[in-house]
Amino acid sequence: MLSIVVPTFKEAGNLERLAERIDSCLSAVEISYELIIADDNSPDETPEVCDRLTKQYPLRLVLGEGRPRDLSLSVIDGIRAAKHPTILVMDADLSHPPEKIPEMLAQVTANPTAFVLGSRYVPGGTFDRQWSIWRFLNSHVATMLARPLVKCRDPMSGFFMFSKDRVDVARLRPMGYKIGLEIMVRGEFSEVVEVPISFADREIGASKMNLDQQIKYLRHLRRLYLYRFGGFAEFIHFGAVGASGFVIDVSCYYLLQWFGVPHQVARGISFWPAVSWNWAINRRMTFGERERRPRGKQWAEFVIASLIGFSLNWGIYVFLTTYIEFFDQWRLIAFVLGIGVASISNFTLSTFFVFSEKRAR
Ligand SMILES: Nc1nc2c(ncn2[C@@H]2O[C@H](COP(=O)(O)OP(=O)(O)O)[C@@H](O)[C@H]2O)c(=O)[nH]1
Ligand SMILES: [Mg+2]
């Protein structure tokens, strides 16, 4: 009672071996299944090969329509088309060993609320050691970035199984490659169970992973962090952007003086590149999921919000150090309090006014 969804793009050369290996290990233990090839209109022999395989195996071809090609969206097409209550997703290139499917199915059967993941990074799991240092680093960093979102060792894995009723497919909003991560984060699972796998490098065809996909992954991550941590994720991001603006501010301040500009004037000028930088990055990234509005007006609003923040920052410092003995002795505390209140004010004004458009989830 298993629906196997395989996203494909230009995998004609792998399909026969894939179908054959899946069938031989599932018929041996009498697991009934369907194999859904979720293809994105590959410009190769995929339709012909599928036609031929349909006569031999319980295989169906589902084609992506009316959207740019996207691995995750193809998997969603496949899940929608699935007839059985349990879904398995795997790659077509035989990186994922079909022989592990019975073990994964046993786990889902034992606990239907679990998300079962084929994992390279638990004891017993392996991957091809021929990975270049670049590929290894890349995968490692990508994995670290996803760790706060899910409790598992291999959140990047594309080999996973779950009960369909744990996920509201209409609410998934993935992009790019990491559909497993998307489902883990947005589905209702009691736990992630990792089954060790030996990940093999593909022998036929080529990988479609590229820089474009990696940038998509970062955007996808941001979306998931917002979903999981909401405004708090925005606040942290906003703070990091603020810190980078501070660096620009200080650099300009010194650079201008180096060119002979008096320090009071330098202070007045350096604010502008810093605040413009903060505005631009917040517009593109921190609040990038929100609808955009015309630049000029929004920039002016952000400047006003920042000036209010700066006045608060300065006012608090002067007030505390002038009227309260304690703060006059511990000026740094007054300094930090000023920055703290100003950050909250800046963030509040930004989130409710300057970038007030509703966030898409
Ligand atoms: N439908 C669909 N499948 C894709 C797309 N890109 C990759 N795939 C499939 O997703 C699986 C994993 O892709 P692969 O290129 O092997 O990525 P890698 O394992 O990270 O190198 C393979 O079965 C690919 O054919 C796409 O844009 N659309
Ligand atoms: Mg692959």
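Going down the list Lys100/Lys164; Lys10/Lys151; Lys83/Lys151; Lys10/Lys178, which pairs span over 26 Å between their C-alpha atoms?
Values: Lys100/Lys164 20 Å; Lys10/Lys151 33 Å; Lys83/Lys151 29 Å; Lys10/Lys178 19 Å.
Where the Cα-Cα span goes over 26 Å, the pairs concerned are Lys10/Lys151; Lys83/Lys151.
Measure off 7 Å from each Cα along the Cα-to-Cβ vector at Lys83 and Trp330, then give the distance between these two points in nanometres to one decimal.
Here the modelled spin labels are 7.2 nm apart.
Where Rh is the Kirkwood radius over the Cα pairs of the stretch 2-209, the temperature 37 °C and the viscosity 0.692 mPa s, what D in µm²/s does Stokes-Einstein return? Can you show the working numbers first?
On the way: Rh = 17.2 Å.
D, rounded to a whole number, is 191 µm²/s.
Determine the sum of side-chain charges near Pro97: Lys and Arg each +1, Asp and Glu each -1, restricted to other residues whose C-beta is under 14 angstrom from that of Pro97.
Values: positive: Arg17, Arg21, Lys100, Arg120, Arg202; negative: Glu20, Asp91, Asp93, Glu99, Glu103, Asp128, Asp201, Glu203.
Value of the local net charge: -3.
Taking the Cα atoms of the stretch 230-354, report the difference between the largest and smallest coordinate on each principal axis, in whole Å and largest first.
47, 38, 21
Would you mind calculating the relative contact order of the chain from Cα pairs under 8 angstrom and at least 6 residues apart, reporting the percent as a whole number? Intermediate results must be reported in sequence, preceding the final value.
On the way: 527 pairs, mean separation 52.0, N = 361.
About 14 percent, as a whole number.
Relative contact order for the stretch 152-214: what percent, with Cα pairs under 8 Å and sequence separation of 6 or more?
Values: 32 pairs, mean separation 22.8, N = 63.
Taking the mean separation of contacting Cα pairs over the length of the stretch 152-214, I get 36 percent.
Would you calculate the convex hull of the Cα atoms in the chain and tell me its volume per residue in Å³?
Enclosed volume per residue, from the Cα hull, is 191 Å³.
DSSP beta bridges in the chain, what fraction antiparallel, as a percent rounded to 5? Kindly include the intermediate steps, with their values, before the conclusion.
Values: 7 of 31 bridges.
Beta bridges within the chain, antiparallel portion: roughly 25 percent.
Kindly express, to the nearest 10 degrees and within the range 0 to 90, the angle between helix 263-281's C-alpha long axis and the longest C-alpha principal axis of the chain.
Computed tilt is about 20 degrees.
Using the Karplus curve 6.51 cos²θ - 1.76 cosθ + 1.60 with θ = phi - 60°, work out ³J(HN,Hα) for each residue of the stretch 285-296 in order, rounded to whole Hz, and write x for Gly and Pro.
Listing the rounded values in order: 10, 3, 10, x, 7, 8, 4, 8, 10, x, 5, x Hz.
Can you give the helix-only mean residue ellipticity at 222 nm for the chain, where every DSSP H stretch with n ≥ 4 adds -39500 (n - 2.57) and the sum goes over all residues, rounded to the nearest 500 deg cm²/dmol? Don't skip to the answer; put the middle values down first.
On the way: 11 runs with 189 residues, N = 361.
Helix-only estimate at 222 nm: -17500 deg cm²/dmol.
Roll a 1.4 angstrom probe over the protein heavy atoms and tell me the percent of accessible area of the chain that is carbon or sulfur.
Details: 11800 of 18830 Å².
Ligands and nucleic acids excluded, carbon and sulfur reach 63 percent.
Using Cα springs under 10 Å in a Gaussian network model of the chain, which residue among Thr286, Thr54, Thr46 shows the largest mean-square fluctuation?
Of Thr286, Thr54, Thr46, the Gaussian network model singles out Thr54 as fluctuating most.
Given the stretch 2-209, what percent of its DSSP beta bridges are antiparallel, to the nearest 5?
Taking every DSSP beta bridge with both residues in the stretch 2-209, the antiparallel ones total about 20 percent.
Along the charge dipole of the stretch 2-209, Cβ charges K/R +1 and D/E -1, which of Pro102, Ile4, Ile79 sits furthest on the positive end?
Ile79
Counting only C-alpha contacts under 8 Å and six or more residues apart, can you give the relative contact order of the stretch 1-146 as a whole percent? Walk me through the numbers before you get to the answer.
Details: 182 pairs, mean separation 43.5, N = 146.
It comes to 30 percent, rounded to a whole number.
The values are calculated or read from the model by the stated rules, or taken from the named source; none is laboratory data. Quick caveat, the model's predicted, so the values are computed rather than measured. Don't worry about glycine lacking a Cβ; one is built from the backbone with ideal geometry, like all the others, and counts go over all protein chains shown. Each accessible area value is taken on the protein alone, full model and side chains, heavy atoms only, with ligands, DNA and RNA left out. Shrake-Rupley method; radii C 1.70, N 1.55, O 1.52, S 1.80 Å.
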